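Here's the structure, in structure tokens; my notes come after.
Since every read-out is calculated from the coordinates, none of them should be taken as a lab result. Since this is a predicted model, take the numbers as computed values, not measurements. So basically every Cβ, Gly included, is an ideal-geometry build from the backbone, and we count neighbours across all protein chains shown.
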Amino acid sequence: ENSLLRQVSSLLRRLPAIESERFQDDFLMEYNDKLLITYLAMFTNC
Amino acid sequence: ASDGIFYYDDVAQAKFQQEKPWANDPHYFKRVKISALALLKMVVHARSGGTIEVMGLMQGKTDGDSIIVMDAFALPVEGTETRVNAQADAYEYMVEYSQTNKLAGRLENVVGWYHSHPGYGCWLSGIDVSTQMLNQQFQEPFLAVVIDPTRTVSAGKVEIGAFRTYPEGYKPPDEPVSEYQTIPLNKIEDFGVHCKQYYALDITYFKSSLDSHLLDLLWNKYWVNTLSSSPLLGNGDYVAGQISDLAEKLEQAENQLAHSRIGGIVPATLQKKKEDEPQLAKITRDSAKITVEQVHGLMSQVIKDILFNSVRQ
Amino acid sequence: MDIEQKQAEIIDQFVKRASTCKGEALAPIVLEATSNPSLFAFSEILAVPSVAELDGTSNSVYLDVLRLFAHGTWADYKCITGRIPELVPDQVLKLKQLTVLTLAETNKVLPYDSLMQELDVTNVRELEDFLINECMYAGIVRGKLDQLKRCFEVQFAAGRDLRPGQLGNMMLTLSNWLNTSENLLVSIQEKIKWADKMGEFEKKHRKEVEERVEEVKKSLS
């Protein structure tokens with residue numbers, strides 16, 4: 001079914017949703033911040 | 001059958017108003033049923049206020065020991081915690097709205113007021129208690145609802161509380177067990193002084209068959225927005241405030257421990273009252289809550305990243 | 001999906017018309033289809049037997065035009081100008097729109113310079129007008145025009161007709177996506193089990209500690 005194939009093609013073209021060095025940097029920074037918060041919270045817990 | 005709740009019986013309501021069963025029992029009303037429409041309107045209104053408190057009124061009816069909230073409308077006032085009676089600015093609006101409602105065929109009366117506590121939890125402050133006591137003196141049956149739109153986003157569920165105050169001088173026989181919630185340090189005194197002057201009602205929700213259908217359609221439209229949003233990014237200020245508050249509480253607890261005679265080595269089980277949690281235990285719970293919310297937010301971001309960013313052509 | 005819904009009816013109409021015609025009679029249908037402002041897909045028309053039969057005949061130019069619009073770009077047209085009839089303005093517009101879709105297939109960020117080169121547009125204003133009026137308003141692309149960086153960030157682009165060989169890639173990507181999702185679900189399940197186990201362990205440990213405290217209290221008293 002050509003219509004479905006076109007839609008699937010359009011959808012797959014959108015992936016990956018975000019792919020840039022800047023996003024990776026921001027994402028990993030956010031990740032590290034949250035892990036740090038968790039770590040500090042564990043200390044607080046102890 | 002589920003739509004039967006929407007029927008308004010004029011005669012029964014008038015009879016109930018005459019009988020006044022709440023006059024003899026300060027604890028008469030135990031339950032609140034809020035319609036999906038009223039809840040949505042209140043939460044959206046509260047969220048639209050941002051960090052400023054907003055307020056509105058609720059319309060509905062009573063059914064035995066339940067207050068049923070059918071609808072809600074916003075009042076053109078803000079900053080309810082900054083003055084003694086914020087409602088006073090909106091009396092004219094309230095009266096005109098109620099009259100117009102009756103003309104439009106809405107039979108329900110005003111059964112309560114709601115306001116928001118952005119970021120500091122669902123409870124009644126001193127001003128709220130005095131406002132509600134006044135309302136309960138002259139406008140019974142009346143209910144106070146508090147919504148925290150910031151914590152709603154952070155926790156992923158609606159933070160809402162429904163309260164009724166006790167009459168002046170009344171001491172409740174049993175202390176009700178309420179769900180623990182974090183209170184910021186700058187509000188803790190206001191909370192503590194008045195927390196015994198009111199009690200919380202159980203909240204349930206209901207919706208009509210049409211509401212269910214419309215909400216399903218809305219979900220189909222808005223699920224993308226829901227998936228795209230992240231409490232980590234949207235609620236950054238609130239989280240920073242929470243962590244700062246936690247730090248202040250820790251400092252306070254540390255000072256108290258330093259000043260206590262035994263040097264702070266007092267296990268929880270040796271406390272006189274079992275309900276009186278030591279301050280450090282409360283701080284631990286608060287920190288766990290903040291962490292869990294952050295971890296949830298991070299998990300959703302990581303899952304979205306894996307699902308949508310790791311696939312390549 | 002919206003664009004597919006919009007053009008589904010139009011495709012049906014053209015397919016029905018093409019089915020009833022042969023040879024030279026297909027020329028006006030091809031012209032109409034490739035000029036229609038709401039039609040961006042031509043696979044269905046290409047699949048009509050009477051259209052496929054044009055191959056190798058004197059009317060094969062119309063088949064070439066259709067194939068150009070199904071898979072080709074404006075640059076491809078410039079290479080084969082001599083072999084196919086000159087395009088009318090509506091067809092030129094359509095081909096340029098389809099060129100944008102092809103460019104969006106490979107890159108999400110399209111620099112103004114490469115767009116201007118591919119579309120034979122002389123200035124930025126003309127390019128932006130084309131992108132906004134003919135592409136975004138037509139619903140075939142959604143995105144952001146970054147004037148500072150001189151680029152067009154594509155958020156969505158409608159799918160073009162599949163070229164031979166593309167299906168294999170698509171299937172591979174889809175199966176990778178499926179595997180990633182399944183692995184993710186398995187990890188989540190494992191984490192849930194781990195969290196439940198740790199919760200049980202924590203409860204047991206807490207109970208043991210409390211029992212020990214009680215024992216010590218009793219022995220002290």
Revision key, fill the gap. Most exposed to least, judged by fewest other Cβ atoms within 10 Å, C:187, C:35 sort to C:187, C:35
Exercise for review: Once you've got the Cα coordinates, tell me which of C:96/C:144; B:30/C:217; B:41/B:289; B:289/C:204; B:289/C:144 are over 30 Å apart.
Suggested key: B:30/C:217; B:289/C:144
Point to revise | Degrees separating the helix A:2-13 axis from the principal Cα axis of chain A, which is the longest one | key: 30 degrees
Practice item. Report, in whole Å, the centroid distance computed from the Cα atoms of chain A and region B:10-73. Key: 42 Å
Point to revise | Pairs of Lys in region B:90-212 closer than 25 Å at Cα, counting only those 8 or more apart or on different chains | key: 6
Point to revise | Long-range amide H partners of residue C:151 with built H, under 5 Å | key: C:112, C:146
Point to revise | Debye equation applied to the C-alpha atoms of region C:63-157, log10 I(q)/I(0) at 0.11, 0.15, 0.24 Å⁻¹ | key: -0.30, -0.56, -1.31
**Study point:** Surrounding net charge for residue C:59, when Lys and Arg each add one and Asp and Glu each subtract one, Cβ distance under 11 Å
**Key:** -3
Check your understanding: Relative to the compact globular guide of 2.2 N^0.38 Å, what is the alpha carbon radius of gyration of the protein assembly as shown, as a ratio?
Key -> 1.34
Review point. Based on DSSP H assignment, which helices of chain B show an axial Cα extent of at least 15 Å together with a mean Kyte-Doolittle hydropathy greater than or equal to 0.5?
Key: B:36-48
Revision key, fill the gap. Note: A:32-38 gets an average of partner chain Cβ contacts (10 Å, Cβ to Cβ) equal to 4
Point to revise | Those aspartates and glutamates that a straight Cα-Cα span of less than 15 Å connects to residue B:20, excepting residues fewer than 8 apart in one chain | key: B:63, B:65, B:140
Review point. Which net charge results when you count Lys and Arg as +1 and Asp and Glu as -1 among the other residues whose beta-carbon is under 15 Å from that of residue B:18?
Key: -1
Point to revise | Inter-chain shielding of C:153-161 (mean C-beta neighbours from other protein chains, 10 Å cut-off) | key: 4
**Study point:** chain B: C-alpha gyration tensor shape, a/c 1.5 cut-off, then a/b vs b/c
**Key:** oblate
Exercise for review: Would you mind computing, in nm to one decimal, how far apart the modelled labels at residue C:148 and residue B:310 are, each placed 7 Å from Cα along Cα→Cβ?
Suggested key: 3.3 nm
Study note, to complete from the structure: Taking a ≥ b ≥ c as the square roots of the Cα gyration tensor eigenvalues, with a/c under 1.5 meaning rounded and otherwise prolate when a/b beats b/c or oblate if not, chain A comes out oblate
Review point. Once every DSSP H run of n ≥ 4 in the protein assembly as shown is given -39500 (n - 2.57) and the sum is divided by its residues, what mean residue ellipticity at 222 nm do you get, rounded to the nearest 500 deg cm²/dmol?
Key: -18000 deg cm²/dmol
Point to revise | For B:297-309, mean number of other protein chain Cβ atoms within 10 Å | key: 5
Point to revise | Kirkwood Rh and Cα Rg combined as Rg over Rh, evaluated for region C:116-170 | key: 1.06
Point to revise | Overall Cα dimensions of region C:1-99, principal axis frame, Å, largest first | key: 36, 30, 18
Study note, to complete from the structure: Stretched fully, the stretch from residue C:210 through residue C:22 gains (0.36 nm per residue minus C-alpha distance, one decimal, in nm) 58.7 nm
Check your understanding: Which whole-number percent gives the relative contact order of chain C, counting Cα pairs below 8 Å spaced six or more residues apart?
Key -> 16 percent
Review point. Sequence-distant or interchain residues sharing an amide H contact under 5 Å with residue B:166, placed H: which?
Key: B:198, B:199
Review point. Hey, what's the Cα Rg ratio for region C:95-202 versus the globular rule of thumb, 2.2 N^0.38 Å?
Key: 1.64
Review point. Rounded if a/c is under 1.5, else prolate if a/b is larger than b/c, else oblate: which is region B:80-215, with a ≥ b ≥ c the root eigenvalues of its Cα gyration tensor?
Key: oblate
Revision key, fill the gap. The long-range amide H neighbours of residue B:77, using H built 1.01 Å from N in the peptide plane and a cut-off of under 5 Å, are B:55
Practice item. Rounded to the nearest Å, what's the spacing between the alpha carbon centres of region B:174-242 and region C:80-105? Just the number, please. Key: 55 Å
**Study point:** For chain C, diffusion coefficient by Stokes-Einstein and Kirkwood Rh (Cα), 20 °C, 1.002 mPa s, µm²/s
**Key:** 100 µm²/s
Review point. For region B:183-264, with equal point scatterers placed on the C-alpha atoms only and solvent neglected, what are the log10 I(q)/I(0) values from the Debye formula at q = 0.11, 0.16, 0.25 1/Å, to two decimals?
Key: -0.67, -0.95, -1.11
**Study point:** Loop-exposed GluC sites (Glu not before Pro) per DSSP, neighbour cap 12 Cβ within 10 angstrom, longest uninterrupted part of chain B
**Key:** B:1-167
**Study point:** Order of B:115, B:296, B:194 under a 10 Å beta carbon neighbour criterion, fewest first
**Key:** B:296, B:194, B:115
Practice item. Could you please report the charge total around residue B:291, scoring K, R as +1 and D, E as -1 over all other residues with beta-carbon less than 13 angstrom from its beta-carbon? Key: 0
